[in-house]
Amino acid sequence: MGDEKFMLTFKDDEAPLAQMTRRGGGACVGKTTTAVVIGWWKKDKVDSNSKAQNMEDCFKLVQEMTTYLTEQGY
């Protein structure tokens, strides 16, 4: 993705979610029936709460958006 190599580190067997890492960050991916949700994070960046970005927060947000879109019929 984006000319970067990622390594799959986690795939949820019950939900269509996955985590991937790369040097200095990573990505989380969720899938609905008609959409793909991708969230990127970098450890040297801060989020809107002035905390360092991390995989756990990224995964949680992608999971929430994937659930919301699924409930809306996407």
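Accessible surface of the range 1-44, 1.4 Å probe: 53 percent of it comes from carbon and sulfur atoms.
Per residue, the accessible area of the chain comes to 74 Å² when a 1.4 Å probe rolls over the protein heavy atoms.
For the chain, the longest principal axis of the Cα atoms and the long axis of helix 55-71 meet at an angle of about 20 degrees. Distance between the 7 Å Cα→Cβ label points at ALA52 and TYR74: 3.1 nm. Place a point 7 Å from Cα of ARG22 in the direction of its Cβ. Which residues in the range 32-54 have their backbone N less than 15 Å from it? Output list for this probe position: 38-45. Each label point was placed 7 Å from the Cα along the Cα-to-Cβ direction; for THR9 and VAL36 their separation is 2.1 nm. Rounded to the nearest 10 square angstrom, GLU71 shows an accessible area of 140 square angstrom against a 1.4 Å probe.
Once the dipole of the chain is set up with Lys and Arg at +1 and Asp and Glu at -1 on Cβ about the Cα centre, which of PRO16, PHE6, THR70 lies farthest towards its positive end? Checking the options against the dipole of the chain, the answer is PHE6. A simple charge model with +1 on the Cβ of Lys and Arg, -1 on the Cβ of Asp and Glu and nothing else charged puts the dipole of the chain at about 360 debye relative to its Cα centre. GLU4 sits among other residues whose Cβ lies under 10 Å from its own Cβ, and their net charge, with Lys and Arg +1 and Asp and Glu -1, is +2.
The values are calculated or read from the model by the stated rules, or taken from the named source; none is laboratory data. Given the structure is predicted, the values throughout are model-derived calculations rather than measurements. All Cβ positions, even for glycine, are placed from backbone atoms using ideal geometry, and neighbour counts span all protein chains on display. For the accessible areas, the whole protein counts, side chains as well, though only heavy atoms, and no ligand, DNA or RNA atoms are used. Shrake-Rupley method; radii C 1.70, N 1.55, O 1.52, S 1.80 Å.
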